[in-house]
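Working notes for the structure below.
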Amino acid sequence: MPRPSPLTALPLDRRTGSSYQRRRRRESATAWAFVSPSVLVILGLSVIPVLWSLLLSFQSSDLLTPSQWVGLDNYQQLSKDAQFAQAVRNTVLFTALYVPLSILVGLTLALVLNRRLRFTSLYRTLFFVPFVMSATSQGVLFSFILDPEFGAANSLLNRIGIGAQGFLSDPGQALLALVAVSLWSGSGFCVVIYLAALQGVPKELTEAATLDGAAARHVLRHVTLPTLAPVSVFLVLWQTVSALQVFDLVYVTTKGGPLGSTTVIVYFIWEQAFRSFTAGYGAAAAYVLAVTLLVAAAGLRLVRRGNEARQAKGAGT
């Protein structure tokens, strides 16, 4: 009686034959069908405009008539433009004031709200609500509050014996007023981020430092703040990018005035492109801002890597 032939698995090349390849192609086609709308949106709204504006920065264009190639003339003109220099100074001053103050205020409020207090959830919500408000609504609100004639701020100052202030209509105060408004809205984001980071501070370290007799300020300096260092670097980068890109608040409140005291780079770019109709010149200014943002991001990334390397070296020793 003949023995039955043993069962054997199909060879690998037969198992991965044409049917397997067809199934892979169908899966790939299905995946691309789902992904393609997002890819088209990204290409249409980010990649193509970036490349087009780069080419535009080397041209003289008003967006209506045919453009002319001018090479680096737009960038050379920017280096001699007094208005652009003023916009750069205003932006740098705004950033230098807003970034450290927002982080300091956010950290202080987070340390206070991290304790066991009554109505802590309410306080956290109240501090975060201004952040979710649009810059347009903030500008409209504070335009009424800081109005030099009928605003609530001057009414309060008059009652306590301080003379009326110009605020947004005073060239010496307008930029500082915008920094204060931005702090009112932007510090809430820092509060939320720091509150989340404080939950990750090891309690064992703080308790050990307290048992060793360390005062609260020493625990904060040597335990809490080093633990929050990566979060602080992230917030510095985030707030710097936000400050360099401020536009809505300026547009709604001051329109770059008075006397150009609040004209920042992004408002200067908008003004050149859509008011003066020198789109090529505005695109060149936009790329100066883009390079500045890249340099700032790269610098902060290097600082973060240096801090991580020192921490790893300290842990190893």
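The values are calculated or read from the model by the stated rules, or taken from the named source; none is laboratory data. All figures in this text were calculated on a predicted structure; none of them were measured in a lab. All Cβ positions, glycine included, derive from the backbone under ideal geometry; neighbour counts span all protein chains shown. The area values use the complete protein model at the heavy-atom level, side chains included, leaving out ligands, DNA and RNA. Shrake-Rupley method; radii C 1.70, N 1.55, O 1.52, S 1.80 Å.
Cβ-Cβ below 7 Å, separation at least six or inter-chain, first residue in segment 192-212 and free of Cβ contacts under 8 Å to residues at least 12 places away in the same chain, second open to solvent by less than 50 Å² (accessible area, probe 1.4 Å) and of a type outside the set (F, W, Y): which pairs?
Listed pairs, sorted by first residue: T210/V219.
Any residue that is among the β-branched types (V, I, T), crowded, with 18+ Cβ neighbours inside 10 Å and in contact (Cβ under 8 Å) with a residue 40 or more places away in the chain - is there at least one of those in segment 297-305?
No.
Filter segment 31-90 down to residues that are over 15 Å from G280 (Cα atoms), of a type in the set (A, V, I, L, M, F, W, C) and without any contact (Cβ under 8 Å) to a residue 60 or more places away in the chain, then give me how many there are.
Residues flagged as over 15 Å from G280 (Cα atoms), of a type in the set (A, V, I, L, M, F, W, C) and without any contact (Cβ under 8 Å) to a residue 60 or more places away in the chain within segment 31-90 amount to 15.
Would you call A96 small (G, A, S), under 22 Å from the mean Cα position of the chain (by Cα) and open to solvent by 30 Å² or more (accessible area, probe 1.4 Å)?
yes
Assuming R89 fulfils every condition listed in (1) open to solvent by 50 Å² or more (accessible area, probe 1.4 Å); (2) charged (D, E, K, R); (3) outside any helix (DSSP H, G or I) apart from one, which condition is it?
The failed condition is (3).
Restricted to segment 99-133, and to residues that are of a type in the set (S, T, Y) and over 25 Å from T263 (Cβ atoms), which residue is surrounded by the fewest Cβ atoms within 10 Å (Cβ to Cβ)?
Applying the filter and picking the extreme gives S121.
Identify, from the list L107, L111, L141, L126, the residue that is part of a helix (DSSP H, G or I) and farther than 14 Å from S187 by Cβ.
That would be L141, the only listed residue that is part of a helix (DSSP H, G or I) and farther than 14 Å from S187 by Cβ.
Let me confirm something: among S143, S155, which residue is under 25 Å from the mean Cα position of the chain (by Cα), surrounded by 12 or more Cβ atoms within 10 Å (Cβ to Cβ) and farther than 29 Å from R221 by Cβ?
None of the others qualify; the one that does is S143.
Does V250 count as modelled with pLDDT of 75 or more, farther than 19 Å from L54 by Cβ and crowded, with 18+ Cβ neighbours inside 10 Å?
Yes, satisfied.
What are the residues in segment 35-47 that are more than 21 Å from the chain's Cα centre (by Cα) and open to solvent by 100 Å² or more (accessible area, probe 1.4 Å), if any?
L40
Can you confirm whether segment 262-281 contains a residue that is out of contact with any Asp or Glu (no Cβ under 8 Å at 6 or more places or on another chain), among the aromatic types (F, W, Y) and farther than 27 Å from S143 by Cβ?
yes
Listed here are the residues, each with its yes/no results for (1) under 26 Å from S61 (Cα atoms); (2) surrounded by fewer than 22 Cβ atoms within 10 Å (Cβ to Cβ); (3) in contact with a helix residue (DSSP H, G or I) (Cβ under 8 Å, 6 or more places away or on another chain).
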{"site": "Q239", "(1), (2), (3)": "no, no, yes"}
{"site": "Q245", "(1), (2), (3)": "yes, yes, yes"}
{"site": "T263", "(1), (2), (3)": "yes, no, yes"}
{"site": "V266", "(1), (2), (3)": "yes, yes, yes"}
{"site": "I269", "(1), (2), (3)": "yes, no, yes"}
{"site": "F277", "(1), (2), (3)": "yes, yes, no"}
{"site": "V288", "(1), (2), (3)": "yes, yes, yes"}
{"site": "L293", "(1), (2), (3)": "yes, yes, yes"}
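Looking at this structure, is F189 open to solvent by less than 70 Å² (accessible area, probe 1.4 Å) and at positive phi?
no
Does segment 255-264 contain any residue that is in a helix (DSSP H, G or I) and modelled with pLDDT of 90 or more?
No, because not a single residue in segment 255-264 is in a helix (DSSP H, G or I) and modelled with pLDDT of 90 or more.
Could you check, for segment 276-290, whether at least one of its residues is without any contact (Cβ under 8 Å) to a residue 12 or more places away in the chain, farther than 27 Å from G166 by Cα and not in a helix (DSSP H, G or I)?
Yes, some residue in segment 276-290 is without any contact (Cβ under 8 Å) to a residue 12 or more places away in the chain, farther than 27 Å from G166 by Cα and not in a helix (DSSP H, G or I).
Identify all residues within segment 306-317 that are more than 23 Å from the chain's Cα centre (by Cα) and either at pLDDT 85 or above or surrounded by 13 or more Cβ atoms within 10 Å (Cβ to Cβ) (or both); write none if there are none.
If the condition is that a residue be more than 23 Å from the chain's Cα centre (by Cα) and either at pLDDT 85 or above or surrounded by 13 or more Cβ atoms within 10 Å (Cβ to Cβ) (or both), then Q311 is the only one that fits.
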